[in-house]
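Read through the structure below, which is laid out as structure tokens, and then see the notes.
The values are calculated or read from the model by the stated rules, or taken from the named source; none is laboratory data. Every value quoted in this text rests on a predicted model; they were computed, and no experiment measured them. We place every Cβ from the backbone using ideal geometry, glycine too, and count neighbours over all the protein chains shown. Note: accessible area is taken over every heavy atom of the protein model, side chains too, but ligands, DNA and RNA are not part of it. Shrake-Rupley method; radii C 1.70, N 1.55, O 1.52, S 1.80 Å.
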Amino acid sequence: MRIYLVGGAVRDKLLGRPVSDHDHVVVGARPEDMLDKGFRPVGKDFPVFLHPDTGEEYALARTERKTGHGYHGFAFHADPAVTLEEDLARRDLTINAMAEGEDGHLVDPFHGARDLEQRLLRHVSPAFVEDPVRLLRVARFAARFAPLGFTVAPDTMALMQQMVRNGEVDHLVPERVWQETRKALGEAQPSAFLRVLRESGALAVLFPEVDALYGVPQRAEFHPEVDTGVHVEMVLDMAARIAPGNDVVGFCALTHDLGKALTPADVLPRHIGHEHGGVEPLRRLVARLKVPTEHAALAEQVCREHLNAHRAFELKPATVLRILTSLDALRRPERLSLFLAACEADKRGRLGHADDAYPQAGYLQRACDAAAAVRAERFVAEGLQGPAIGEAMTAARVAAIAALRQPGA
């Protein structure tokens, strides 16, 4: 039995990045050998075990064979005779196909270390095309490593384009698309996820509502970058800067302007009512990918209200209260924080505006605090009952928000 550290742990050690997960491959062992040593079995499709002390994953070396379409269309074979090189050969990218022996020796049959140095995301073998999830993973790794200068190798991109042409991407299950997307939205440069998907042709298949935004012009005085698709990329990266790792804010950034793809050509580059027009395509995307309720609900709020957030100082106090109430911000202030982060990302995700101030966020936060400070007890003590209490609280909250605009407030 020989044990090797594999995958992301080896890659990240070589990059000098923090290592979060330690995965291992065990060569020359049978399931019975692992059980005898106290390992706990967890794998359904192939033998994976948890270490009795650390809880880290240990998988028996295995090979795989394509048996059908999609992520589940594989048969796995684990056997003591399977070599480490055979196990590594089934992995997606060369930078993920390295192993480290217990003595620290690097096993790198596919030159992953070289590709790390050259900042390339390159496939291990032609078998890459057999699993459509790999296309999403490459796009996600691009989002993670683009700040370090990584790009997709041209021959790998050619294979990804082939996968789209052959319809392999059509067999991706919604849950897996969302899983990889959610991870990408929490990476350092999510725009790279979109660019890789778009270059491969997969964006039009998986996210047609987003793909349709590219080439749609906006008014240059508000959007110096002009192209709506480019704007969305910039908003995504700004969201990652404002709320690092927060995929809820990232999803709001991704979908906030979907309505601009529906603007009639004779109206362009203006987008009258796009904030309302974007709700229906957003709902279609959410339903198709089975997006979690909290992501979907907040994204719809950002879609509808981001323009109101930008002009917060011009809004009537009653309108401000309506927005806060629709967000349920008085009871769940964390939702307001997420909403404001997404709106700020939209405002600053424009060419030449990355460092602009966004005082609207502070004002809306203060408005929420002022409204939340109005409590029912005061009106109950005054003898009000039933609906009269709610009416009095609404009036008092509007007055409290209005007071914020008074000199010295």
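Structure summary
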{"quantity": "Members of the stretch 1-36 found to be aromatic (Phe, Trp, Tyr) and in a loop (DSSP other than H, G, I, E, B), listed by number", "calculated": "none"}
{"quantity": "Filter result (open to solvent by 50 Å² or more (accessible area, probe 1.4 Å) and part of a helix (DSSP H, G or I)) within the stretch 205-241", "calculated": "VAL205, PRO208, VAL230, MET234, ARG241"}
{"quantity": "Pair list, Cβ under 7 Å, 6 or more apart: the stretch 240-258 residue on the phi > 0 side of the Ramachandran plot, other residue at pLDDT 95 or above and not hydrophobic (A, V, I, L, M, F, W, C)", "calculated": "GLY245/GLY186"}
{"quantity": "Residues of the stretch 366-396 classified as open to solvent by 50 Å² or more (accessible area, probe 1.4 Å) and touching a Leu at 6+ places or on another chain (Cβ under 8 Å), total", "calculated": "2"}
{"quantity": "Residue within the stretch 308-329 that is in contact with a helix residue (DSSP H, G or I) (Cβ under 9 Å, 6 or more places away or on another chain), among the hydrophobic types (A, V, I, L, M, F, W, C), under 24 Å from TRP178 (Cβ atoms) and in a helix (DSSP H, G or I) present", "calculated": "no"}
{"quantity": "Selection from the stretch 348-362 of residues that are crowded, with 19+ Cβ neighbours inside 10 Å and either in a helix (DSSP H, G or I) or not small (Gly, Ala, Ser) (or both)", "calculated": "ARG348, ARG350, TYR358, GLN360, ALA361"}
{"quantity": "Verdict on GLN161 being more than 24 Å from ARG348 (Cα to Cα), touching a residue at least 40 places away in the same chain (Cβ under 8 Å), open to solvent by 40 Å² or more (accessible area, probe 1.4 Å) and not acidic (Asp, Glu)", "calculated": "yes"}
{"quantity": "Near pairs, Cβ below 9 angstrom, 6+ apart or cross-chain, from the stretch 21-36 (loosely packed, with under 14 Cβ neighbours inside 10 Å) to any residue that is part of a helix (DSSP H, G or I) and not charged (D, E, K, R)", "calculated": "ASP21/GLY8; ASP21/ALA9"}
{"quantity": "The stretch 74-111, subset out of contact with any helix residue (DSSP H, G or I) (no Cβ under 6 Å at 6 or more places or on another chain) and among the aromatic types (Phe, Trp, Tyr), residue most open to solvent (accessible area, probe 1.4 Å)", "calculated": "PHE76"}
{"quantity": "Members of the stretch 117-133 that are outside any strand (DSSP E or B) and either open to solvent by less than 10 Å² (accessible area, probe 1.4 Å) or modelled with pLDDT under 95 (or both)", "calculated": "SER125, PRO126, ALA127, PHE128, VAL129, GLU130, ASP131, PRO132, VAL133"}
{"quantity": "Residue satisfying condition, being at pLDDT 95 or above, open to solvent by 30 Å² or more (accessible area, probe 1.4 Å), within 19 Å of the chain's Cα centre (by Cα) and among the β-branched types (Val, Ile, Thr), within set THR255, THR293", "calculated": "THR293"}
{"quantity": "Test: GLU199 is part of a helix (DSSP H, G or I), surrounded by fewer than 22 Cβ atoms within 10 Å (Cβ to Cβ) and without any contact (Cβ under 8 Å) to a residue 60 or more places away in the chain", "calculated": "yes"}
{"quantity": "Residue count, the stretch 2-24 (criterion: more than 13 Å from HIS51 (Cβ to Cβ) and touching a strand residue (DSSP E or B) at 6+ places or on another chain (Cβ under 6 Å))", "calculated": "5"}
{"quantity": "Breaking point among (1) in contact with a strand residue (DSSP E or B) (Cβ under 8 Å, 6 or more places away or on another chain); (2) at pLDDT below 85; (3) among the aromatic types (Phe, Trp, Tyr), for PHE49", "calculated": "(2)"}
{"quantity": "Residue list for the stretch 37-48, restricted to those being of a type in the set (A, V, I, L, M) and buried (at least 17 other Cβ atoms within 10 Å of the Cβ)", "calculated": "VAL48"}
{"quantity": "Conditions (1) closer than 14 Å to ALA253 by Cα; (2) part of a helix (DSSP H, G or I): number failed by ARG176", "calculated": "(1)"}
{"quantity": "Selection status of VAL398, β-branched (Val, Ile, Thr) and not in a helix (DSSP H, G or I)", "calculated": "no"}
{"quantity": "When residues of the stretch 72-89 are limited to those that are part of a strand (DSSP E or B) and over 17 Å from ARG134 (Cβ atoms), the one modelled with the lowest pLDDT", "calculated": "ALA75"}
{"quantity": "Filter result for the condition that a residue is more than 12 Å from the chain's Cα centre (by Cα) and among the charged types (D, E, K, R), over GLU187, GLU175", "calculated": "GLU175"}
{"quantity": "Test: residue in the stretch 58-71 that is surrounded by fewer than 12 Cβ atoms within 10 Å (Cβ to Cβ), at pLDDT below 90 and not in a helix (DSSP H, G or I)", "calculated": "yes"}
{"quantity": "Test set (1) within 30 Å of GLN189 (Cα to Cα); (2) in a loop (DSSP other than H, G, I, E, B); (3) in contact with a helix residue (DSSP H, G or I) (Cβ under 8 Å, 6 or more places away or on another chain) - LEU338 fails condition number", "calculated": "(2)"}
